[in-house]
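Peer 1: This structure is in structure tokens; I'll ask about it shortly.
What follows is calculated from the coordinates using simple rules that are stated; it is not laboratory data. Quick caveat: nothing in here was measured; it's all calculated off a predicted structure. Virtual Cβ from ideal backbone geometry, glycine too; neighbours counted across all protein chains shown.
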């Protein structure tokens, strides 16, 4: 009887620990939105491409009408600041980072949102 009780508690403990691990993993997935300057579908392709290639990013979508970037990412792999910086490095200003001017100058003319 005592042995059976130990086995049952051991199994319950293992099940409880595995549930906690899944909850911790899911908790690191974060959704965020922020402004990114841009004009057209070429901008959209470049902006999203700068982020969708990052490890830890599940989804990145930029709306050219609202200038809003929506991202879903694993915060244990990449930070929002790193995502933001990658966009700025591709030539587009965000809420938190100025555009890399060298990259901005290389963008097609239709993507020059400062003109």
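Peer 1: May I ask for the percentage of alpha-carbon pairs in the range 31-115 that lie more than 18 Å from each other?
Peer 2: Every Cα pair in the range 31-115 considered, those over 18 Å come to 33 percent.
Peer 1: Let me ask another. Treat the count of other C-beta atoms within 10 Å as a stand-in for reagent exposure and order 104, 73 from fewest to most.
Peer 2: 104, 73
Peer 1: Turning to a different aspect of this structure: Go ahead and collect, in residue order, the members of the range 53-67 whose backbone nitrogen is under 11 Å from a label point 7 Å along the Cα-Cβ direction of residue 35.
Peer 2: 67
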